[in-house]
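K.L.:
Let me begin by handing over the structure; questions about it come next.
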2 protein chains.
Amino acid sequence: MSEAANRRQATFVSAEEVARLAGVSRSAVSRAFTPGASISVETRQRVEAAAAQLGYHVNHLARGLMRHESGIVCLVVADIHTPYLSRLLDYLSRALQEAGKAVMVLNAGRATKNVEAALRQTLNYRADATIVLSGTPYRSIARQCLESGQRLILINRDDHFEQTVGISVDHAKAAQTAAMLIRRGGYRRPALVSSGIGTPSLNARRDHFLEALRMADLTAQVWEGGPTAYQSGFQAGTELMTLPEPPDAVFAVTDLLACGVMDAVRQRFNKRVPDDIGVIGFDDIDQASWSSYDLTTFSQPVEAITAYTVRMVEQKSAEIQASSRTFEAPLIWRSSLRATLP
Amino acid sequence: MSEAANRRQATFVSAEEVARLAGVSRSAVSRAFTPGASISVETRQRVEAAAAQLGYHVNHLARGLMRHESGIVCLVVADIHTPYLSRLLDYLSRALQEAGKAVMVLNAGRATKNVEAALRQTLNYRADATIVLSGTPYRSIARQCLESGQRLILINRDDHFEQTVGISVDHAKAAQTAAMLIRRGGYRRPALVSSGIGTPSLNARRDHFLEALRMADLTAQVWEGGPTAYQSGFQAGTELMTLPEPPDAVFAVTDLLACGVMDAVRQRFNKRVPDDIGVIGFDDIDQASWSSYDLTTFSQPVEAITAYTVRMVEQKSAEIQASSRTFEAPLIWRSSLRATLP
DNA sequence: CTTCGATTTGCACGCGTGTGCAAGAATGCT
DNA sequence: AGCATTCTTGCACACGCGTGCAAATCGAAG
């Protein structure tokens with residue numbers, strides 16, 4: 001079987017050649033690989049045999065050209081190496097594949113310029129849908145995506161667009177829960193830790209947390225700075241503990257930050273969690289369940305987000321509509337926060 | 001500018017329309033977007049203006065069809081959510097983008113069946129190159145990739161293929177260094193911890209470590225089981241410490257395993273690292289530098305691997321040759337291992 | 001003004017596929 | 001057997017682009 005394939009060198013085999021070998025027309029070959037097409041079982045088998053023998057694979061570039069549907073879904077993302085985003089990417093890519101889509105990843109750093117380039121590539125490859133996990137697209141290019149008939153899905157980007165599917169998490173409820181738990185734990189001097197990157201999601205968690213505290217006549221220290229990473233949390237913990245009135249509880253808007261805070265507090269200041277200081281995070285990354293941290297946090301509803309995203313990608317383009325869906329982030333109770341008043 | 005675009009609905013604009021608006025032939029449009037093509041500055045400007053006005057973007061599907069070069073590079077990968085692989089993916093995708101390639105991610109779980117499906121997709125989209133980060137491709141499909149003129153690059157897959165570019169890490173040297181450091185630290189009862197997944201890389205680290213110890217007349221406990229994850233390490237640590245003669249040093253073939261071991265040893269058995277037990281890992285994931293662990297480990301040469309991979313992707317297909325390149329994983333000295341005899 | 005070379009332009013073809021249309025084959029029914 | 005109906009099949013066109021080739025344009029030298 002390999003002799004025929006070996007003779008040809010460094011080139012793909014076309015439907016034409018398969019047709020010749022099978023003794024049918026090229027249309028028959030095309031139909032053999034198109035589900036639901038009208039073709040007899042006998043010719044289909046002959047085509048498949050010939051295709052297998054020659055090592056034929058339908059050219060999706062040409063198919064996409066004809067069908068006006070490339071089968072490609074673009075994922076615009078930054079900070080892939082981050083625990084939460086890499087998990088989301090894992091789920092999304094797998095689910096999209098199972099739905100028959102090919103996943104193109106556009107790594108778009110922080111700069112808006114890169115996001116623009118990514119959106120352009122999305123258009124170049126005629127992607128069926130574009131999913132933006134981070135970075136805010138220019139309105140002009142976003143509109144081009146929509147006008148070209150692409151579905152545009154924004155995950156965790158609370159800034160709203162027209163004609164766009166928005167998927168988000170109920171930050172308000174989580175933040176209020178965090179504030180409530182801190183009060184119930186008997187903590188008196190809460191603090192909020194966030195990064196200097198003003199992501200809409202992070203800002204929402206911060207604002208709702210502070211607001212909920214204010215309702216209960218409490219004010220919180222606010223520390224914001226650096227990237228959304230462990231090191232920023234470590235620095236936050238260090239600086240907060242050297243204040244004249246150090247906090248006794250911290251809501252970190254991200255688990256990575258929370259881990260940093262915990263390490264600083266325990267190792268640089270010998271404080272105990274949750275007795276001396278309570279910590280609560282957000283995302284439920286793998287490390288939150290590691291026994292060094294055992295962090296009380298809110299779980300990103302990754303499965304729900306993924307399932308809903310795939311549904312939105314699959315629906316016919318005629319019925320795309322602006323929509324906005326919010327999922328709840330359930331509390332994961334662990335040991336980094338005292339449950340009741342001391 | 002948007003009126004024209006608004007009138008059309010849900011469809012892409014073609015070079016034809018741009019040509020009409022600019023008052024030139026379609027060839028001119030094509031040449032305007034082809035670097036190095038023969039075209040006067042004046043017409044180029046008129047084309048670019050018209051293109052911008054209509055929101056034209058070259059169709060890379062059609063271009064790929066013509067050029068026999070899709071500009072797509074496929075990354076076959078599993079366990080994306082893992083710290084090491086997500087970092088590698090981050091670097092690779094960014095570097096490939098900068099080289100003008102579009103990155104298609106094929107999330108191929110563990111099953112070989114999925115890897116086969118991934119390779120098939122690679123062929124369907126006529127990818128210029130395929131990079132396999134995990135999973136072993138069937139020889140038959142791998143051969144088809146090569147016969148079709150694709151470059152096939154295997155990273156950290158020590159199983160060798162003909163006509164393939166292999167990129168790997170010097171596991172032997174690292175493992176020998178680990179053994180040496182453990183001896184020099186005055187540890188007497190070393191152990192090796194690995195997962196139950198017999199990846200070539202992991203096996204190589206294990207075998208060279210044991211071999212190096214044997215040269216020094218030492219034998220090691222070997223614990224292998226579970227996936228390559230924190231929990232497996234935690235379990236390993238727990239079980240090793242309940243042995244009649246528990247080890248006093250552990251080489252974990254992965255940082256994730258090492259973190260698990262450290263947590264088990266410290267929190268379940270109140271042992272101190274590195275005094276009671278020395279730990280050394282591999283990969284230098286982010287968590288290794290977290291102050292809870294401060295893990296001595298070997299750094300995956302991600303930058304070097306990335307740069308070399310891009311070089312291999314870019315070279316003309318005429319000169320693809322089987323080759324095999326190995327990079328060193330430098331030791332990152334931290335505090336989880338005693339430096340000198342006690 | 002003529003001639004020649006260099007540059008630019010348009011025409012037409014090909015890349016590999018899907019699909020409407022009409023013709024042909026097969027089947028069922030009277 | 002004759003006719004109606006359903007299935008198959010092949011032809012031809014379209015998808016959007018790159019590019020060789022020849023015609024056209026331009027500038028400069030004679």
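K.L.:
So which trypsin sites (Lys or Arg not before Pro) in region A:221-278 are both in a DSSP loop and have at most 16 other Cβ atoms within 10 Å of their Cβ?
P.N.:
A:R272
K.L.:
What percent do you get for the relative contact order of region B:1-104 when only Cα pairs under 8 Å and 6+ apart count?
P.N.:
Computed over region B:1-104, the figure is 23 percent.
K.L.:
Another question about this same structure. Who wins for biggest fluctuation among A:N114, A:N156, A:N270 in a Gaussian network model of chain A, springs between alpha carbons below 10 Å?
P.N.:
Residue with maximal mean-square fluctuation among A:N114, A:N156, A:N270: A:N270.
K.L.:
Using a 1.4 angstrom probe with every protein chain in place, what is the largest-first accessible-area order of B:W223, B:W333?
P.N.:
So, going from the largest accessible area down, we get B:W333, B:W223.
K.L.:
Could you work out what % of the accessible surface of the protein assembly as shown is carbon and sulfur, using a 1.4 angstrom probe and leaving DNA, RNA and ligands out of the count? List each step's numbers first, then the result.
P.N.:
Numbers: 13740 of 28870 Å².
Looking at the protein assembly as shown in its full context, I get 48 percent from C and S.
K.L.:
Follow-up question, since we're still on this one. How far is it, in nm, from the label point at A:M215 to the one at B:R272 when both lie 7 Å from their Cα along the line to the Cβ?
P.N.:
Roughly 4.8 nm, to one decimal.
K.L.:
Mind checking how much accessible area A and B bury in total, 1.4 Å probe, in Å² rounded to 100?
P.N.:
5700
K.L.:
Taking the label point as lying 7 angstrom from Cα along the Cα-to-Cβ axis, what are the distances from A:R184 to the corresponding position in the remaining copies, in ascending order and in nanometres?
P.N.:
Distances between equivalent label points, in nm: 5.4.
K.L.:
Roughly what % of DSSP beta bridges within region B:171-300 run antiparallel, to the nearest 5?
P.N.:
0
K.L.:
Then there's this: In debye, nearest 20, what is the charge dipole magnitude of region A:15-115 about its Cα centre with +1 on Lys and Arg Cβ and -1 on Asp and Glu Cβ, if you could check?
P.N.:
Charge dipole of region A:15-115: 180 debye, to the nearest 20.
K.L.:
Region B:82-191: which GluC sites (Glu not before Pro) are DSSP loop and have at most 11 other beta-carbon atoms within 10 angstrom?
P.N.:
Filter output for region B:82-191: B:E162.
K.L.:
While we're here: Find the relative contact order for region B:77-203 and round it to a whole percent, using C-alpha pairs within less than 8 Å whose residues are 6+ positions apart.
P.N.:
It comes to 17 percent, rounded to a whole number.
K.L.:
Would you mind calculating the relative contact order of chain B from Cα pairs under 8 angstrom and at least 6 residues apart, reporting the percent as a whole number?
P.N.:
The normalised contact order for chain B reaches 15 percent.
K.L.:
Choose one answer from B:A304, B:A50, B:A249: the residue with the largest mean-square fluctuation in a GNM of chain B with alpha-carbon springs under 10 Å.
P.N.:
B:A50
K.L.:
Which value, in debye to the nearest 20, gives the size of the charge dipole of region B:171-300 about its Cα centre, when Lys and Arg are +1 and Asp and Glu are -1 at the Cβ?
P.N.:
For this selection, approximately 280 debye.
K.L.:
Right, here's the next one. Quick one: divide the alpha-carbon radius of gyration of region B:2-97 by 2.2 N^0.38 Å and tell me what you get.
P.N.:
For region B:2-97, the normalised Cα radius of gyration comes out at 1.48.
K.L.:
Under a no-solvent Debye model with one identical scatterer per Cα of the protein assembly as shown, what's log10 I(q)/I(0) at q = 0.07, 0.11 Å⁻¹?
P.N.:
-0.55, -1.19
K.L.:
Sticking with this structure for a sec: Tally Lys/Arg at +1 and Asp/Glu at -1 over every other residue whose Cβ is under 12 Å from the Cβ of A:I39; what's the total?
P.N.:
Neighbourhood net charge equals +1.
K.L.:
Per residue, how much accessible surface does region B:171-300 expose to a 1.4 Å probe? Answer in Å², no decimals.
P.N.:
On the way: 4750 Å² over 130 residues.
Ligands and nucleic acids excluded, the figure is 37 Å² per residue.
K.L.:
Next question. Using 1/(1 + (r/R0)^6) with R0 = 60 angstrom and r between the beta carbons of B:E239 and A:A37, what's the FRET efficiency to the nearest 0.05?
P.N.:
The formula returns an efficiency of 0.55 here.
K.L.:
Can you give the average number of partner chain beta-carbon atoms within 10 Å of each beta-carbon in peptide A:287-293, as a whole number?
P.N.:
Mean shielding by partner chains, rounded to a whole number: 6.
K.L.:
Then there's this: Taking the dipole about the Cα centre of chain A, with the C-beta of Lys and Arg at +1 and of Asp and Glu at -1, give me whichever of A:A15, A:H208, A:A236 is farthest to the positive side.
P.N.:
Result: A:A15.
K.L.:
Same structure again: Only bridges with both residues in the protein assembly as shown count here: give the DSSP antiparallel percent, nearest 5.
P.N.:
10
K.L.:
If you don't mind, another one. Based on DSSP H runs of at least 4 residues, each adding -39500 (n - 2.57), what is the mean residue ellipticity at 222 nm of the protein assembly as shown after dividing by all its residues, to the nearest 500 deg cm²/dmol?
P.N.:
Details: 26 runs with 302 residues, N = 684.
It lands at -13500 deg cm²/dmol.
K.L.:
Rounded, prolate or oblate: which one fits region B:171-300, using the alpha carbon gyration tensor with axes a ≥ b ≥ c (rounded when a/c is under 1.5, else prolate when a/b beats b/c, else oblate)?
P.N.:
Note, shape of region B:171-300 comes out rounded.
K.L.:
What FRET efficiency comes out for B:A339 versus B:N203 if R0 is 22 angstrom and r is the Cβ-Cβ distance? Round to the nearest 0.05.
P.N.:
0.15
K.L.:
Give me the net charge of B:V29's neighbourhood, meaning all other residues with Cβ under 11 Å from the Cβ of B:V29; Lys, Arg count +1, Asp, Glu -1.
P.N.:
Residues close to B:V29 contribute a combined charge of +2.
K.L.:
Now for a separate question. State the antiparallel share, in %, of DSSP beta bridges confined to chain A, rounding to the nearest 5.
P.N.:
Around 5 percent of the beta bridges assigned by DSSP in chain A are antiparallel ones.
K.L.:
For the pair A:A322 and A:A172, how long in nm is the line joining their label points, each one 7 Å along Cα→Cβ?
P.N.:
For the pair A:A322/A:A172, the computed spacing is 1.9 nm.
K.L.:
Mind jotting down the distance between the C-alpha centroids of region A:53-122 and region B:73-141, whole Å?
P.N.:
Between the Cα centres of region B:73-141 and region A:53-122 lies a distance of 12 Å.
K.L.:
What's the ranking of B:207-215, A:120-128, A:167-175 by average number of surrounding C-beta atoms within 10 Å, highest first?
P.N.:
Going by the mean number of other Cβ atoms within 10 Å, highest first, we get A:120-128, A:167-175, B:207-215.
K.L.:
Across the residues of B:86-93, average count of Cβ atoms on other protein chains within 10 Å?
P.N.:
Partner Cβ neighbours, averaged per residue: 6.
K.L.:
Given C-alpha coordinates of chain B, what is the ratio Rg to Rh with the Kirkwood estimate of Rh?
P.N.:
We get a ratio of 1.14 for chain B.
K.L.:
How many nanometers, to one decimal and shortest first, lie between the label point of B:E48 and those of its other copies, if labels sit 7 Å from Cα toward Cβ?
P.N.:
Its label point is 5.3 nm from the equivalent points in the other copies.
K.L.:
While we're on this one: Using the crude model of +1 on Lys and Arg Cβ and -1 on Asp and Glu Cβ, and no other charge, please compute the dipole size for region B:235-342 relative to its Cα centre, in debye to 20.
P.N.:
Working: 9 positive and 15 negative charges, 9 e Å.
Charge dipole, region B:235-342, about its Cα centre: 40 debye, nearest 20.
K.L.:
Among B:L257, A:Y293, B:L65, whose Cα lies farthest out toward the positive end of the dipole of the protein assembly as shown, if unit charges sit on the beta carbon of Lys, Arg (+1) and Asp, Glu (-1)?
P.N.:
It is B:L65, whose Cα lies furthest towards the positive end.
The values are calculated or read from the model by the stated rules, or taken from the named source; none is laboratory data. Because the structure is a prediction, the values reported are computed rather than measured. No Cβ is skipped: glycine too gets one built from the backbone with ideal geometry, and neighbour counts run over all protein chains shown. Please note that ligands, DNA and RNA were not included when accessible areas were found on the heavy atoms of the full protein model with its side chains. Shrake-Rupley method; radii C 1.70, N 1.55, O 1.52, S 1.80 Å.
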